[in-house]
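This report refers to the structure that appears directly beneath it.
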Amino acid sequence: MLQEKLKDYLLILASGSPRRQQFFKELGLDFEIRLRPVEEKYTEKLKGLEIPNYLAQLKATAFNGELKPNEILITSDTIVWHNEKSLAKPADTTDAIAMLKTLSDDWHEVFTSVCFTTAAEQRTVAETTQVKFKKLTNEEIQFYVNTYEPFDKAGGYGIQDWIGLIGIEKIKGSYTNVVGLPTHLVYKTLTDMVG
């Protein structure tokens, strides 16, 4: 079992996301949370999966030179990709409503990249999931944004929230990826790393 193999390692999760933290607990993995401020900026030349790959690796640079040999740092980033544009976390209510209106009655992609960094190596893995929203009414969008305030979520929504329950018609790929962490990929990568 992975838990047994990891007993000589310290997993460090560099994420303030309660959803990611919960997934680590549910995987049965012991970890500690370490947060560092990182300005999440990237050049407009980056497209699709290149964006979360870059940002997950950028978040790891905040820990340069401080990892001990038995520590594994995990950083990640999720974006919603629609019409060749990245929908990050909404700035405010107006922004969140606008995002949901563009996602309504259409497919979009959710990209999550997870970067595993040790003192000796770095590996980045990524997952893509396709998601289809039904045609959302203005009342549904307004109610969701006002009630759930999804300002910490890429694309302005959480699939596990009310809007996901009533609005998502189809999903192709990993559900946990849309929540913010492709758990199967995290488990496999850690297993590969500690052998």
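The values are calculated or read from the model by the stated rules, or taken from the named source; none is laboratory data. Every value quoted in this text rests on a predicted model; they were computed, and no experiment measured them. Neighbour counts run over all protein chains shown; Cβ positions are idealised from the backbone, glycine included. With ligands, DNA and RNA removed, areas are computed over all heavy atoms of the protein, side chains included. Shrake-Rupley method; radii C 1.70, N 1.55, O 1.52, S 1.80 Å.
Could you please find all residues in the range 99-115 being surrounded by 15 or more Cβ atoms within 10 Å (Cβ to Cβ) and out of contact with any strand residue (DSSP E or B) (no Cβ under 7 Å at 6 or more places or on another chain)? Passing the criteria: only 100.
Rundown of residues vs (1) open to solvent by 60 Å² or more (accessible area, probe 1.4 Å); (2) basic (Lys, Arg); (3) modelled with pLDDT under 95; (4) over 18 Å from the mean Cα position of the chain (by Cα), yes/no style:
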residue: 7; (1), (2), (3), (4): yes, yes, yes, yes
residue: 10; (1), (2), (3), (4): no, no, no, yes
residue: 16; (1), (2), (3), (4): no, no, yes, no
residue: 34; (1), (2), (3), (4): no, yes, no, no
residue: 53; (1), (2), (3), (4): no, no, no, no
residue: 71; (1), (2), (3), (4): no, no, no, yes
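If you go through the range 76-115 one residue at a time, how many are assigned to a strand (DSSP E or B) and under 23 Å from residue 157 (Cβ atoms)? Looking only at that region, the number is 18.
For the range 131-142: of the residues being part of a loop (DSSP other than H, G, I, E, B) and of a type outside the set (A, V, I, L, M), which is surrounded by the most Cβ atoms within 10 Å (Cβ to Cβ)? It would help to see each step written out before you state the result.
Within the range 131-142, the subset part of a loop (DSSP other than H, G, I, E, B) is 134-137.
Adding the requirement that they be of a type outside the set (A, V, I, L, M) leaves 134-135, 137.
Details: 134: 14, 135: 10, 137: 11.
If we take residues in the range 131-142 being part of a loop (DSSP other than H, G, I, E, B) and of a type outside the set (A, V, I, L, M), then 134 is surrounded by the most Cβ atoms within 10 Å (Cβ to Cβ).
When we screen 153, 188 for residues that are of a type in the set (Lys, Arg) and open to solvent by less than 50 Å² (accessible area, probe 1.4 Å), the only hit is 153. Scanning the range 156-178 for residues that are crowded, with 23+ Cβ neighbours inside 10 Å and touching a Lys or Arg at 6+ places or on another chain (Cβ under 8 Å) yields 156, 167. Look at the range 1-19: where a residue is over 12 Å from residue 71 (Cα atoms) and a partner is of a type in the set (Phe, Trp, Tyr), sitting 6+ places away or on another chain with Cβ atoms under 8 Å, you get 2/187; 14/63. Among (1) crowded, with 18+ Cβ neighbours inside 10 Å; (2) at pLDDT 95 or above, which single condition is residue 89 missing? Unmet condition: (2).
Let's see how each residue does on (1) more than 30 Å from residue 194 (Cα to Cα); (2) within 22 Å of the chain's Cα centre (by Cα):
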{"residue": "102", "(1), (2)": "yes, yes"}
{"residue": "108", "(1), (2)": "yes, yes"}
{"residue": "111", "(1), (2)": "no, yes"}
{"residue": "114", "(1), (2)": "no, yes"}
{"residue": "133", "(1), (2)": "yes, yes"}
{"residue": "140", "(1), (2)": "yes, no"}
{"residue": "146", "(1), (2)": "yes, no"}
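The listed residues are 96, 126, and the only one of them that is open to solvent by 20 Å² or more (accessible area, probe 1.4 Å) and among the small types (Gly, Ala, Ser) turns out to be 126.
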